[in-house]
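Right, one structure below, let's go through it.
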Amino acid sequence: MANLSAIQEETKKKRIKLRWRDLSDQRRKEAITGILFILPWLIGFLFFYAGPALISLGMSFTRWNIVSDPIWIGLDNYIEIFTGDKNFWNSVFVTFKYAGIYIPLITILSIITAMALNSKIRGIAFFRTLFYLPTIAPAIAASLIFMWILQPTYGLFNILLSYIGIDGPNWFKDPRYALWGIIMIAMWRLGASAIIYLAGLQNIPEQLYDASDIDGASAWQKFWNVTLPMLSPIVFFQIVVELIGVFQTFTPAYVVSQANGYAGPIKELYFFMLYVYVKGWQNLQMGYASALSWLLTIFILVITILVFRSSPYWVHYEAEKK
């Protein structure tokens with residue numbers, strides 16, 4: 001068996017050599033040009049993504065405070081995370097709670113907004129631009145703006161609530177409302193999702209709606225039986241992207257915590273990524289933070305796989321073969 005494998009490998013190498021040798025000069029130039037074009041990206045990927053990722057994997061098995069040499073401790077970091085770190089479980093709970101509220105909310109509101117922006121009325125291009133503009137605002141700037149809007153005494157939102165007789169809360173210091181404040185900041189970028197759903201809506205064939213009208217379908221029936229199934233691949237794509245983004249939530253919680261002068265974030269704002277930052281750069285436990293980062297990678301991978309596995313049951317592809 002070993003000899004057979006060696007022969008097959010040698011044959012494969014010869015085929016590759018023959019293929020390259022048989023290429024014309026023009027084909028070789030095109031291949032070299034393609035390699036040269038992809039080379040900057042490849043170098044960047046190796047040095048700034050793959051390389052640091054592999055280094056962090058090795059660091060996750062060490063105790064390292066940055067200023068001294070790392071000490072190999074094997075699986076101790078992972079054992080400590082699962083058996084003795086209450087803050088880890090709190091950060092997981094906060095992140096999952098945030099995901100459970102934010103993803104359905106952003107999905108529903110984005111589809112509603114996209115349907116409104118799909119209306120054929122005069123000046124609709126202006127409103128599409130208006131809804132998309134907040135997306136280009138930096139996350140730090142958006143967080144600071146919402147800290148002013150949600151300020152308990154002179155914030156715009158609480159002032160509007162006072163007009164209808166509601167005493168607005170202290171959004172970012174009250175544990176009951178802190179997470180909702182972060183959700184409001186995230187919803188500020190709703191326009192990006194809405195534009196993607198809008199593109200999906202405009203690709204739905206009009207003939208399907210015409211057939212529904214002939215059958216006497218109501219507006220809700222057309223949405224449920226035509227729009228939603230045809231839009232399901234876009235919904236699937238957006239859910240995957242939003243899930244990955246949710247687990248990497250960091251900037252709003254960090255800005256709010258630092259601006260309010262907290263020694264550390266309050267319990268309800270202890271997102272997973274923020275906890276990684278606290279362990280790595282505030283407590284100088286870089287090995288521990290690396291272990292947390294790899295657990296985050298595994299969480300994202302597992303959840304993404306589960307979403308992909310569920311897709312055959314609810315995602316409809318127009319051109320799929322039956």
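The values are calculated or read from the model by the stated rules, or taken from the named source; none is laboratory data. Note that the structure is a prediction, hence the values are computed from the model and not measured. Here the Cβ is made from the backbone with ideal geometry for all residues, glycine too, and neighbour counts use every protein chain on show.
Scanning the range 257-266 turns up no residue that is assigned to a helix (DSSP H, G or I), touching a residue at least 60 places away in the same chain (Cβ under 8 Å) and surrounded by 17 or more Cβ atoms within 10 Å (Cβ to Cβ). Among helices (runs of 4 or more DSSP H) entirely within the range 1-116, having at least 2 residues that are modelled with pLDDT of 85 or more, at negative phi and touching a Ser or Thr at 6+ places or on another chain (Cβ under 7 Å) singles out 51-59.
Please specify each residue of the range 124-175 satisfying the condition of being in a loop (DSSP other than H, G, I, E, B) and surrounded by 12 or more Cβ atoms within 10 Å (Cβ to Cβ).
Of the residues in the range 124-175, the ones in a loop (DSSP other than H, G, I, E, B) are 137-138, 150-155, 164-175.
Of everything in the range 124-175, those that are in a loop (DSSP other than H, G, I, E, B) and surrounded by 12 or more Cβ atoms within 10 Å (Cβ to Cβ) turn out to be A137, L150, Q151, P152, G155, G168, P169, N170, W171, F172, K173, D174.
State yes or no: is I121 assigned by TED's automatic domain parsing to the domain that holds L274, aliphatic (A, V, I, L, M) and assigned to a helix (DSSP H, G or I)? No. Given the conditions (1) closer than 28 Å to A178 by Cβ; (2) surrounded by 14 or more Cβ atoms within 10 Å (Cβ to Cβ), and given that A116 satisfies all but one, which numbered condition is not satisfied? Condition not satisfied by A116: (1).
With respect to the stated conditions, G216 is surrounded by fewer than 20 Cβ atoms within 10 Å (Cβ to Cβ) and at positive phi.
Table: residues versus (1) more than 30 Å from K173 (Cβ to Cβ); (2) modelled with pLDDT under 90.
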{"position": "S257", "(1), (2)": "no, yes"}
{"position": "I266", "(1), (2)": "no, yes"}
{"position": "A291", "(1), (2)": "yes, no"}
{"position": "W294", "(1), (2)": "yes, no"}
{"position": "I298", "(1), (2)": "yes, no"}
{"position": "W314", "(1), (2)": "yes, yes"}
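Considering the range 183-234, the qualifying helices (runs of 4 or more DSSP H), each wholly inside and each with 3 or more residues that are within 21 Å of L105 (Cβ to Cβ) and out of contact with any Gly (no Cβ under 6 Å at 6 or more places or on another chain), run over 190-202. Test F157 against the criterion of being modelled with pLDDT under 85, farther than 28 Å from V235 by Cβ and of a type in the set (F, W, Y), and give yes or no. So F157 does not fit the description; no. The number of residues in the range 163-202 that are under 16 Å from the mean Cα position of the chain (by Cα) and not small (G, A, S) comes to 8. Please go through the range 268-310 and give me each residue that is of a type in the set (D, E, K, R) and either in contact (Cβ under 8 Å) with a residue 12 or more places away in the chain or crowded, with 21+ Cβ neighbours inside 10 Å (or both), ordered by number. Result: E268, K279.
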